[in-house]
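*Asks:* Below: one structure in structure tokens.
The values are calculated or read from the model by the stated rules, or taken from the named source; none is laboratory data. Computed from a prediction, not measured in an experiment: that's the story for all the values here. As a convention, Cβ positions derive from the backbone with ideal geometry for all residues, glycine included, and neighbour counts pool all protein chains shown. For the accessible areas, the whole protein counts, side chains as well, though only heavy atoms, and no ligand, DNA or RNA atoms are used. Shrake-Rupley method; radii C 1.70, N 1.55, O 1.52, S 1.80 Å.
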Amino acid sequence: MDLSFSPQDLAFQAEVRAFLKAELSPQLADKVRHNKTLTKEDMVGWHATLNKRGWLAQDWPKQYGGADWTPVQQQIFDDEASAAGAPRIIPFGLKMLAPVLMKFGSEAQKAHYLPRILDGTDWWCQGYSEPGAGSDLASLKTRAVRDGDHYVINGQKTWTTLGQYADMIFCLVRTGTEGKPQEGISFILVDMKSPGITIRPIILLEGTHEVNEVFFDNVRVPAENLIGEENKGWTYAKYLLTHERTNIAGVGASKAALAEVKRIAKAETVRGVPLADDPYFAARVAQVEMELDALSTTNLRVLSSPDAAVSAGSISSMLKIKGTEIRQSINDLARRAIGPYAMPFVSEALEEGYNGEPVGPEYALGVAPDYFNNRKITIFGGSNEIQRGIISKMVMGL
Amino acid sequence: MDFTHTEERQLFKDSVARFIADTYTLDARNRAAETDLGFSAEKWAQFAELGAIGALFSEEDGGFGGAPFDVTVLFEELGRGLVNEPFLATAILGGGLIAELGAAEQKAVIEEVIAGSKQLAFAHGEPKSRYDASHVETTAKKSGDGYVLNGAKAVVLNGGAADLLVVSARSSGAAWDEDGLSLFLVSGDAPGVSRLSYSSIDGLHAAEIRLENVTVGADTLLGAEGKAWTAIEKVIARANLALASEAIGAMEVARDMTIEYLKTRKQFGVVIGKFQALQHRMATVLLEIEQARSSVINAAGRFDGSRVEREMAVSAAKTLAGKIGRLVAEEAIQMHGGIAMTWEYAVGHFAKRLVMIDHMFGDVDYHVARYVALSKEAA
Ligand SMILES: Cc1cc2nc3c(=O)[nH]c(=O)nc-3n(C[C@H](O)[C@H](O)[C@H](O)COP(=O)(O)OP(=O)(O)OC[C@H]3O[C@@H](n4cnc5c(N)ncnc54)[C@H](O)[C@@H]3O)c2cc1C
Ligand SMILES: Cc1cc2nc3c(=O)[nH]c(=O)nc-3n(C[C@H](O)[C@H](O)[C@H](O)COP(=O)(O)OP(=O)(O)OC[C@H]3O[C@@H](n4cnc5c(N)ncnc54)[C@H](O)[C@@H]3O)c2cc1C
């Protein structure tokens, strides 16, 4: 055992720091740190910056234009980028669809779609959930019927994150009704501009437009957009989900969020004494920090394991559970830290170019909205109840 | 011992409950929250007509109640309806201070409050005071017959809509001394008062208020100069009693919505309420709410006892409201799944209010520390 970074890792860390210093604008970092609204341009722009350096597809193999970083390098980047206030990488194309394409896609599909993910031509969104199919994803009803060279899709997807910006959606659709529900599902790629698609916003409880409903009315999709074999989509979908879940662990982002809590706790004072020195508050922070430090190592242990099976399935469930619950406890610390200034909700102040009169300290603005918004992380990507169920079944045989 | 309400109080509770159930909708409430006023003037007038404001004042002040249990029954119903009309700011805080300290002429305004024609706010908290109720840096300097006020007030509930502000200011002492605090009645549009009003994340309104050389007469002083602390502490205790009661109403609605959802939402071919992983947590939610309710009963029952007895029971009730309110809010969302994350679905609005109650007049950590300090005084 050796917890220290190798000389190569340290050199890499220095390289990452230099890159962030040169390429990440302070304005963008400020938006991220204070949970302000990121525009599509912010997100696309950051992808482009990373791509120029060859650092966008960090876990892709070199042959597809990836950086092929080791798990340690990925965590170094994640830590450094989060600490510097870099936006997160939008995962739908890079971290969800791409692994599926590489493993199950045809040569033509890989050649067409992977470069477009890298250069930003296609913004992808995820069309799994439906109103009736949430945790029980396999009960999905959106139908795809073969008609010559096309599939004709009818039905509805929901909760489609950032679908308003998307060029493409990868969908799970029902192509068969025989046997178990899992056996009649296919995985298909759909152009969001296809006739018959309508998208409707869903406003979240803190007032943001982040998710959507997507309706399919006789949408014709070329049969060549099918991934792998018809009715085998469940296998591909589950493979994708394990990637989605490890990504959700978000260790770097949690470290940055905890650092922000500590900054706030130094600035806030009670009778002149920093909140950071209040024993109640300090104890709360310490307990979360201990957990996060452990998770960071759990994450590396899992990702570094030579046994590939370990990193799939139940282990990704574990990272998802701990990662999201720790993140929510950091959100909870942050709301406690800002005291009465959790209440003001000046949503315009979270938008670019706001120059109205400030209400309270700038660091307080986005804290409560983020606390409420992040209730989602224990629900999506397979709820934490579902993850615990997976561990019960897969690991313990209950 | 008797855990039933008097018949009169029960009738009052039922009439408020019926009024809210029949006429008060979340949709209209949220729309009103987006207006400059921040609530519905029409609803406020109807509440006044119903006697709901008067219930918070004693007969000698022109009301027909004012007892601690009047506060709890009313605020529980307000919590159930997620009512955002300014009962707390106008009646409990502003009105409560005037009732505690006001001279006869000053108390005339209570009649207008009860009639629904006057809005008040307690301009007390400051940018650096957090929950510390004696931390006041705003100054009151004697000048001629009156005073000059200077300072900044933070997150003043109903501060934008208030006709009259009850402003706390320091006549003497260090920033957080209890001694040396004075209260003044200041018109909302007095020269030198500037107000920045905004909505809160849970659908109320508050304001940042600056006082720049605000000149007020001696007749605006509420009670004796420098001696307002005792009344401030007591009125904040009443506010916390009200908030803890409001939390119970909101928790019960969130609980019932969640139970109902567990009985109707199907996944894996069964209603999700069949999953024991959810059943047990729902059982915890249910029994914790009963605990919160008992702590509120303790606080109301001990409110007229000694200061330490009152303050300890109130801190306990507010702590449980904060802790259990958060539990209920988070569990209600989690057990609903995605639907609870939407603006359109009601439970999220209850969750936001429940969590924000912890940010008003002391959060869990504040009240635990205060309880510890008070226990030492009691010993
Ligand atoms: C903000 C947000 C963004 C999202 N983004 C996307 C996206 O981009 N693409 C996409 O396809 N989907 C997305 N989702 C959907 C998400 O994956 C689903 O919300 C999730 O799978 C849960 O489904 P549900 O909301 O229907 O809840 P339900 O499945 O109805 O669950 C309700 C409750 O029951 C519990 N439950 C269900 N079954 C069991 C069981 N067997 N045992 C114990 N408890 C159980 C759940 O854990 C939950 O607590 C998003 C959701 C949100 C909130
Ligand atoms: C100190 C002590 C004193 C006792 N005194 C008495 C007494 O005076 N009279 C008397 O009659 N009995 C007495 N008992 C027995 C007691 O009632 C049983 O131990 C108890 O009912 C649990 O049964 P069990 O030990 O067989 O465990 P099991 O029933 O085998 O349970 C094992 C575990 O599974 C859990 N479990 C079981 N069913 C479910 C379910 N449906 N859902 C979720 N979890 C479940 C249990 O909670 C437990 O954690 C006593 C036990 C103890 C430890």
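*Asks:* Give me a count of the residues in the stretch B:240-274 that are within 13 Å of ligand 1 (Cβ to nearest atom) and buried (at least 20 other Cβ atoms within 10 Å of the Cβ).
*Replies:* 3
*Asks:* Filtering the stretch A:349-393 down to residues that are among the charged types (D, E, K, R), more than 10 Å from chain B (Cβ to nearest Cβ) and part of a helix (DSSP H, G or I), which residue is farthest from ligand 1 (Cβ to nearest atom)?
*Replies:* Of all residues in the stretch A:349-393, those among the charged types (D, E, K, R) come to A:351-352, A:357, A:362, A:370, A:375-376, A:385, A:388, A:393.
The next check asks that each one be more than 10 Å from chain B (Cβ to nearest Cβ); those that pass are A:351-352, A:362, A:370, A:393.
Going one step further and asking which of them are part of a helix (DSSP H, G or I), we end up with A:362, A:370, A:393.
Values: A:362: 26, A:370: 13, A:393: 11 Å.
Ranking the candidates gives A:362 first.
*Asks:* From B:177, B:202, grab the single residue that is within 14 Å of chain A (Cβ to nearest Cβ) and crowded, with 24+ Cβ neighbours inside 10 Å.
*Replies:* B:202
*Asks:* Any residue at all in the stretch A:315-333 that is in contact (Cβ under 8 Å) with a residue 24 or more places away in the chain and on the phi > 0 side of the Ramachandran plot?
*Replies:* Scanning the stretch A:315-333, I find no residue that is in contact (Cβ under 8 Å) with a residue 24 or more places away in the chain and on the phi > 0 side of the Ramachandran plot, so the answer is no.
*Asks:* When the residues of the stretch A:29-54 are filtered to those that are touching a Phe, Trp or Tyr at 6+ places or on another chain (Cβ under 7 Å) and either buried (at least 18 other Cβ atoms within 10 Å of the Cβ) or in contact (Cβ under 8 Å) with a residue 40 or more places away in the chain (or both), which remaining residue is nearest to residue A:348 (Cα to Cα)?
*Replies:* Of all residues in the stretch A:29-54, those touching a Phe, Trp or Tyr at 6+ places or on another chain (Cβ under 7 Å) come to A:34, A:40, A:53.
With the extra rule that they be either buried (at least 18 other Cβ atoms within 10 Å of the Cβ) or in contact (Cβ under 8 Å) with a residue 40 or more places away in the chain (or both), the set shrinks to A:34, A:40.
Details: A:34: 13, A:40: 17 Å.
Filtering first and then ranking leaves A:34.
So that you can scan it fast, the table gives a plain yes or no per residue for (1) within 16 Å of ligand 1 (Cβ to nearest atom); (2) of a type outside the set (Phe, Trp, Tyr); (3) under 24 Å from the mean Cα position of the chain (by Cα):
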| position | (1), (2), (3) |
| --- | --- |
| B:276 | yes, yes, no |
| B:292 | no, yes, yes |
| B:310 | no, yes, yes |
| B:331 | yes, yes, yes |
| B:337 | yes, yes, no |
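*Asks:* Any residue in the stretch A:208-229 that is part of a strand (DSSP E or B) and more than 16 Å from ligand 1 (Cβ to nearest atom) sitting within a Cβ distance under 7 Å of a residue that is modelled with pLDDT of 95 or more and acidic (Asp, Glu)? List the pairs, counting only those 6 or more apart or interchain.
*Replies:* Partner pairs satisfying both residue conditions: A:222/A:149.
*Asks:* Which residue out of A:135, A:129 is open to solvent by 30 Å² or more (accessible area, probe 1.4 Å), under 17 Å from the mean Cα position of the chain (by Cα), modelled with pLDDT of 95 or more and near ligand 1 (Cβ under 10 Å from one of its atoms)? Spell out how you get there, then give the answer.
*Replies:* Details: A:135 fails: under 17 Å from the mean Cα position of the chain (by Cα).
Unique residue meeting the criteria: A:129.
*Asks:* Would you check if there is a residue in the stretch B:349-359 being touching a Pro at 6+ places or on another chain (Cβ under 8 Å) and open to solvent by less than 10 Å² (accessible area, probe 1.4 Å)?
*Replies:* As a first pass, look at the stretch B:349-359 and keep what is touching a Pro at 6+ places or on another chain (Cβ under 8 Å): B:359.
Narrowing further to those that are open to solvent by less than 10 Å² (accessible area, probe 1.4 Å): B:359.
Yes, there is a match, as at least one residue in the stretch B:349-359 is touching a Pro at 6+ places or on another chain (Cβ under 8 Å) and open to solvent by less than 10 Å² (accessible area, probe 1.4 Å).
*Asks:* Could you tell me which numbered condition residue A:21 fails, if it satisfies all but one of (1) open to solvent by 60 Å² or more (accessible area, probe 1.4 Å); (2) part of a loop (DSSP other than H, G, I, E, B)?
*Replies:* Answer for residue A:21: the failing condition is (2).
*Asks:* More than 30 Å from residue B:83 (Cβ to Cβ), in contact (Cβ under 8 Å) with a residue 40 or more places away in the chain and part of a strand (DSSP E or B): which single residue out of B:172, B:168, B:182 fits that description?
*Replies:* Working: B:172 fails: part of a strand (DSSP E or B); B:168 fails: more than 30 Å from residue B:83 (Cβ to Cβ).
Only one candidate qualifies: B:182.
*Asks:* Taking the residues in the stretch B:242-288 that are outside any helix (DSSP H, G or I) and among the aromatic types (Phe, Trp, Tyr) as candidates, determine which candidate is nearest to residue B:358 (Cα to Cα). Let's see the steps before the verdict.
*Replies:* Kept after step one, since they are outside any helix (DSSP H, G or I), are these residues of the stretch B:242-288: B:265-271, B:275.
Filter again for among the aromatic types (Phe, Trp, Tyr), leaving B:268, B:275.
Details: B:268: 37, B:275: 31 Å.
Among them, the one singled out is B:275.
*Asks:* Mind telling me which of the residues A:110, A:141 ends up being more than 14 Å from chain B (Cβ to nearest Cβ) and surrounded by fewer than 23 Cβ atoms within 10 Å (Cβ to Cβ)? If you could, list the steps in order and put the result at the bottom.
*Replies:* Details: A:141 fails: more than 14 Å from chain B (Cβ to nearest Cβ).
It is A:110.
*Asks:* All but one of (1) open to solvent by 30 Å² or more (accessible area, probe 1.4 Å); (2) charged (D, E, K, R); (3) out of contact with any Asp or Glu (no Cβ under 8 Å at 6 or more places or on another chain); (4) closer than 21 Å to residue B:82 by Cβ hold for residue B:304; state the number of the condition that does not hold.
*Replies:* Of everything listed in (1) open to solvent by 30 Å² or more (accessible area, probe 1.4 Å); (2) charged (D, E, K, R); (3) out of contact with any Asp or Glu (no Cβ under 8 Å at 6 or more places or on another chain); (4) closer than 21 Å to residue B:82 by Cβ, residue B:304 misses just condition (4).
*Asks:* Sticking with this one: Scan the stretch B:278-290 for residues that are of a type in the set (A, V, I, L, M), under 18 Å from residue B:319 (Cβ atoms) and within 16 Å of ligand 1 (Cβ to nearest atom) and jot them down.
*Replies:* Narrowing the stretch B:278-290 to residues of a type in the set (A, V, I, L, M): B:278, B:282-283, B:285-287, B:289.
Those still in the list that are under 18 Å from residue B:319 (Cβ atoms) too: B:285, B:287, B:289.
Correct list: B:285 only.
*Asks:* Further, regarding this structure: Would you confirm whether any residue within the stretch A:85-108 is within 22 Å of residue B:265 (Cα to Cα) and part of a loop (DSSP other than H, G, I, E, B)? Lay out the reasoning, then the answer.
*Replies:* Taking the stretch A:85-108 as the starting set, the residues that turn out to be within 22 Å of residue B:265 (Cα to Cα) are none.
Within the stretch A:85-108, not a single residue is within 22 Å of residue B:265 (Cα to Cα) and part of a loop (DSSP other than H, G, I, E, B).
*Asks:* Still on this structure: Return the residues of the stretch B:20-42 that are open to solvent by 30 Å² or more (accessible area, probe 1.4 Å), outside any loop (DSSP other than H, G, I, E, B) and closer than 22 Å to residue B:115 by Cβ; say none if nothing qualifies.
*Replies:* B:23, B:41, B:42
*Asks:* Within the stretch A:158-193, which residues are within 16 Å of ligand 1 (Cβ to nearest atom), more than 14 Å from chain B (Cβ to nearest Cβ) and open to solvent by 10 Å² or more (accessible area, probe 1.4 Å)?
*Replies:* Matches in the stretch A:158-193: A:162, A:164, A:165, A:166, A:167, A:168, A:174, A:192.
*Asks:* Any chance the stretch B:222-229 includes a residue that's in a helix (DSSP H, G or I), away from chain A (no Cβ under 14 Å) and on the phi < 0 side of the Ramachandran plot?
*Replies:* yes
*Asks:* Collect the residues in the stretch A:194-207 that are within 14 Å of another protein chain (Cβ to nearest Cβ) and either hydrophobic (A, V, I, L, M, F, W, C) or open to solvent by 60 Å² or more (accessible area, probe 1.4 Å) (or both), keeping them in residue-number order. Let's see the steps before the verdict.
*Replies:* We begin by selecting, within the stretch A:194-207, every residue within 14 Å of another protein chain (Cβ to nearest Cβ); these are A:200-207.
If the condition is that a residue be within 14 Å of another protein chain (Cβ to nearest Cβ) and either hydrophobic (A, V, I, L, M, F, W, C) or open to solvent by 60 Å² or more (accessible area, probe 1.4 Å) (or both), then A:200, A:201, A:202, A:203, A:204, A:205 are the ones that fit.
*Asks:* Pairs, please: C-beta under 6 Å, at least 6 apart or cross-chain, first residue buried (at least 22 other Cβ atoms within 10 Å of the Cβ) and in the stretch B:136-151, second modelled with pLDDT of 95 or more and hydroxyl-bearing (Ser, Thr, Tyr)?
*Replies:* B:136/B:168; B:140/B:147; B:140/B:171; B:140/B:182
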